[in-house]
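J.: Sending over a structure as structure tokens; questions will come in a sec.
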Amino acid sequence: MPVLSASNLRKRYGSSEVVAGLDLALAPGECFGLLGPNGAGKTTTLRLLLGLTRPDGGTISLLGFPVPGNAREARLKVGVVPQVDSLDPDFTVTENLLVYGRYFGLSDHEVRARIPALLEFAELESKADAGIESLSGGMKRRLTLARALVNDPDVIFLDEPTTGLDPQARHMMWQRLRRLLGEGKTILLTTHFMEEAERLCDRLLIMDKGRAITTGAPRDLIAEHIEPHVVEIYSGEGRPDCAGLCQRQEQVGETLFCYAADPHALLAQLQQQCELRYLHRPSNLEDVFLKLTGRELRE
């Protein structure tokens, strides 16, 4: 039984259909990724699933409740980490958690009993009485995640949770999300970091222009949509013609991407040209994403 499902979900603004017949279902305890370029409809989809925006068509069920009809009841067991931190700068770390708990009908006594574990989870034990403005960006992001857990949710919505974080803070956030999954929480994640999706997601859906392009486990999508080896050849004189040495090639600026099932012949030729710079690597989810959604910039 899915903890969250949507069927033929649609939302239109004026002449633009920003969500166009989307289907998805999340199993208990899985991390499900929702990927797409800017303007693909990801944030609108999250708002629809939470009952914050009314759909123009389709059905949604969240924790057994129909949405948006009973969205308020469903959201009592849902945690949300938005794109932009919405912490109250006038309150301390502890006060932010207390005030947020009241939105779920929790008493201050109940929230105070949970605060030590929440601060430990976020590694903010020493910042319990600190003002929000004194926290680093990484600390604020961890506090926002801890705040989303104040009601002990069954489902957690994460909208680009690691945007703006340095590598150390990002890795720490990943550790915390894995811990939540280990505790049986269900996570719906949107992200622009393909490595993040590949590391965390059991399954994912890639969407563009409001429509689903493909869905599946990250490794399965890589095997299905892209050759297993990628050779990136950077600008240089005498760059070889790779057409006969790989299945597909793509010129992007001064870099030539060669996609191959067997790269040995290509690598042997490149090794004879010492002046060329190149990189041989396994294909990854970013290669799939760019192949399916294109490389053009989205504003």
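Every residue, every condition in (1) free of Cβ contacts under 8 Å to residues at least 12 places away in the same chain; (2) outside any strand (DSSP E or B); (3) under 21 Å from the mean Cα position of the chain (by Cα); (4) crowded, with 22+ Cβ neighbours inside 10 Å, yes or no:
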| position | (1), (2), (3), (4) |
| --- | --- |
| Arg12 | no, no, no, no |
| Asp23 | no, no, yes, no |
| Thr44 | no, yes, yes, no |
| Thr59 | no, no, no, no |
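J.: Kindly check whether there is at least one residue in the stretch 111-124 that is open to solvent by less than 20 Å² (accessible area, probe 1.4 Å) and at positive phi.
T.: no
J.: So Gly184 ticks every box in (1) assigned to a helix (DSSP H, G or I); (2) open to solvent by 30 Å² or more (accessible area, probe 1.4 Å); (3) closer than 30 Å to Ala117 by Cβ but one. Which box is left unticked?
T.: (1)
J.: Further question on the same structure: Looking at (1) farther than 30 Å from Leu135 by Cα; (2) among the small types (Gly, Ala, Ser); (3) surrounded by 15 or more Cβ atoms within 10 Å (Cβ to Cβ), find the lone condition where Ala197 falls short.
T.: Unmet for Ala197, out of (1) farther than 30 Å from Leu135 by Cα; (2) among the small types (Gly, Ala, Ser); (3) surrounded by 15 or more Cβ atoms within 10 Å (Cβ to Cβ): (1).
J.: If Glu183 meets every condition in (1) touching a residue at least 24 places away in the same chain (Cβ under 8 Å); (2) of a type in the set (Asp, Glu); (3) at negative phi apart from one, which number is that one?
T.: (1)
J.: Can you tell me which residue in the stretch 142-167 is nearest to Val99 (Cα to Cα), limited to those that are modelled with pLDDT of 95 or more and part of a loop (DSSP other than H, G, I, E, B)?
T.: That would be Val150.
J.: So how many residues does the stretch 75-113 have that are in contact (Cβ under 8 Å) with a residue 24 or more places away in the chain and not in a loop (DSSP other than H, G, I, E, B)?
T.: Qualifying residue count, the stretch 75-113: 13.
J.: I've got another one for you. Based on this model, can you work out whether Ala223 counts as assigned to a helix (DSSP H, G or I) and within 11 Å of the chain's Cα centre (by Cα)?
T.: So Ala223 does not fit the description; no.
J.: Okay, next question. For Arg72, are the conditions met, namely being of a type in the set (Lys, Arg), under 21 Å from the mean Cα position of the chain (by Cα) and outside any strand (DSSP E or B)?
T.: Against the criterion (of a type in the set (Lys, Arg), under 21 Å from the mean Cα position of the chain (by Cα) and outside any strand (DSSP E or B)), Arg72 does not qualify.
J.: Regarding the stretch 218-231, can at least one residue be identified that is under 20 Å from Leu4 (Cβ atoms), aliphatic (A, V, I, L, M) and open to solvent by 30 Å² or more (accessible area, probe 1.4 Å)?
T.: Scanning the stretch 218-231, I find no residue that is under 20 Å from Leu4 (Cβ atoms), aliphatic (A, V, I, L, M) and open to solvent by 30 Å² or more (accessible area, probe 1.4 Å), so the answer is no.
J.: Related question: Gly39: under 19 Å from Thr163 (Cβ atoms), open to solvent by 40 Å² or more (accessible area, probe 1.4 Å) and not basic (Lys, Arg), yes or no?
T.: Against the criterion (under 19 Å from Thr163 (Cβ atoms), open to solvent by 40 Å² or more (accessible area, probe 1.4 Å) and not basic (Lys, Arg)), Gly39 qualifies.
J.: Any chance you could count how many residues in the stretch 79-110 are small (Gly, Ala, Ser) and either over 23 Å from Asp159 (Cα atoms) or surrounded by fewer than 18 Cβ atoms within 10 Å (Cβ to Cβ) (or both)?
T.: Total meeting the criteria: 3.
The values are calculated or read from the model by the stated rules, or taken from the named source; none is laboratory data. Please read all numbers here as calculations on a predicted model, not as lab measurements. Note: ideal-geometry Cβ built from the backbone for every residue, glycine included; neighbour counts use all protein chains shown. Remember, those area values only see protein heavy atoms, side chains included, never the ligands or the DNA or RNA. Shrake-Rupley method; radii C 1.70, N 1.55, O 1.52, S 1.80 Å.
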